[in-house]
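Heads up, the thing below is written out as structure tokens.
The values are calculated or read from the model by the stated rules, or taken from the named source; none is laboratory data. Note that the structure is a prediction, hence the values are computed from the model and not measured. Positions of Cβ are generated from backbone atoms using ideal geometry, with glycine treated the same way; all protein chains shown enter the neighbour counts.
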Amino acid sequence: MRQKWAVLATSVAAVAALVAAPGPAGASPPAPPERILSLSASATQMLYAIGAGKQVVGVDKYSTWPPGAPRTKFTGYESSAEDYLYLHPDLVVFAFKEGTLIQQLAKLHVRTLLLPPATNIAGVDSQLAELGRTTGHLAAAEQAEARLARSISAAEREAKGKGRGKTYYIELDPTYYTATSGTFIGSEFSLFGMRDIADPAGHGNLWPQISAEYLLKQDPDYVFLADTVCCHQTPASFASRPGLSLLRAVKLHQVIGVDDSVASEWGPHTVSELVDLLARVLAASR
């Protein structure tokens, strides 16, 4: 897990870019791809959300939504792009620019699209539009953006402003790695006016490691465990750690387990899932 967050931290400032050999001046845009390999769980969500699922011939091992997507053993960190060729892709989508895979695919005359981690909802909208243009589903991408906006608005209404000023801690693993409000998941909490206790500890690091002592001192209103899958953490196991039963969040039963994917993905499905959860939790709070 720790390595995953380090990769996110180094990639989050990257800009989405279509990587392809430049064509001659005045050349027409390339035809929409017919065989897409998605090596990004978030891009996989987006491709299916915009109606490009029939063009997808493979997705990485981390793509869990939709459940019927053609999952492979690939991670996006392979050393040789030739590993992908049995799928005959004419577009490969990446979340991270690892090694020389993009350069290798260019030499093999396979187009690539790099869609790095979004930092806010506007970034998700931008990537939906980019995928819509690239795959020939721009109108459907605009519809997906509108659906996401409605989902967020509905969640904000349901929360009734109860999140304003409330503090939270998002746990990425049991050694207290966390995320600040400058990350994508942090921006989702900010939609509800919530404050991240990790911000003062970040010192420019978007994914800092805090201590149990720091957590106790900050005493957040809510704790969200995004290590339920990787590390099998539960509200009960969290509360059983030395001293943590004293936390306000534990006393008020406001320690909530979430799927790990909501902390590392920025696709429309996981975004809707998290904002819906936050709305329900906040609406039910005392």
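Does at least one position in the range 44-55 carry a residue that is buried (at least 22 other Cβ atoms within 10 Å of the Cβ) and free of Cβ contacts under 8 Å to residues at least 60 places away in the same chain? Talk me through it step by step, then tell me what you get.
Within the range 44-55, the first condition is being buried (at least 22 other Cβ atoms within 10 Å of the Cβ), and the residues that meet it are 44-50, 52.
Still in the running and free of Cβ contacts under 8 Å to residues at least 60 places away in the same chain: 48.
Yes, because at least one residue in the range 44-55 is buried (at least 22 other Cβ atoms within 10 Å of the Cβ) and free of Cβ contacts under 8 Å to residues at least 60 places away in the same chain.
Within the range 186-208, the set of residues being in contact with a Gly (Cβ under 7 Å, 6 or more places away or on another chain) and either surrounded by 20 or more Cβ atoms within 10 Å (Cβ to Cβ) or more than 21 Å from L278 (Cα to Cα) (or both) comprises F192, M194, D196, L206, P208.
Just one residue in the set A129, A144, A140 is among the aliphatic types (A, V, I, L, M), farther than 19 Å from S264 by Cβ and in contact with a Pro (Cβ under 9 Å, 6 or more places away or on another chain); that residue is A144. Counting only helices (runs of 4 or more DSSP H) that sit completely within the range 210-286, those holding 1 or more residues that are among the aromatic types (F, W, Y) and in contact with a strand residue (DSSP E or B) (Cβ under 9 Å, 6 or more places away or on another chain) correspond to 235-239.
May I ask you to verify whether L138 is more than 30 Å from F189 (Cα to Cα) and either more than 16 Å from the chain's Cα centre (by Cα) or at pLDDT below 95 (or both)? Reasoning before the result, please.
Numbers: more than 30 Å from F189 (Cα to Cα): no; either more than 16 Å from the chain's Cα centre (by Cα) or at pLDDT below 95 (or both): yes.
Here the answer is no, as L138 does not meet what is asked.
Here the condition is being of a type in the set (S, T, N, Q) and touching a strand residue (DSSP E or B) at 6+ places or on another chain (Cβ under 9 Å); of T44, T119, it holds for T44 alone. Annotation: of all residues in the range 231-264 being in contact with an Asp or Glu (Cβ under 7 Å, 6 or more places away or on another chain) and modelled with pLDDT under 95, the one that is nearest to P174 (Cα to Cα) is D260. Tell me, yes or no, whether the range 237-260 has at least one residue that is of a type in the set (D, E, K, R) and under 26 Å from A41 (Cα atoms). Scanning the range 237-260, I find at least one residue that is of a type in the set (D, E, K, R) and under 26 Å from A41 (Cα atoms), so the answer is yes.
Of the residues making up the range 191-240, those that are more than 25 Å from V271 (Cβ to Cβ) and charged (D, E, K, R) are E213, K217, D219.
Of the residues making up the range 56-94, those that are within 22 Å of the chain's Cα centre (by Cα), of a type in the set (F, W, Y) and surrounded by fewer than 22 Cβ atoms within 10 Å (Cβ to Cβ) number 4. When the residues of the range 118-165 are filtered to those that are among the basic types (K, R) and under 26 Å from K54 (Cα atoms), the one that is surrounded by the fewest Cβ atoms within 10 Å (Cβ to Cβ) is R150.
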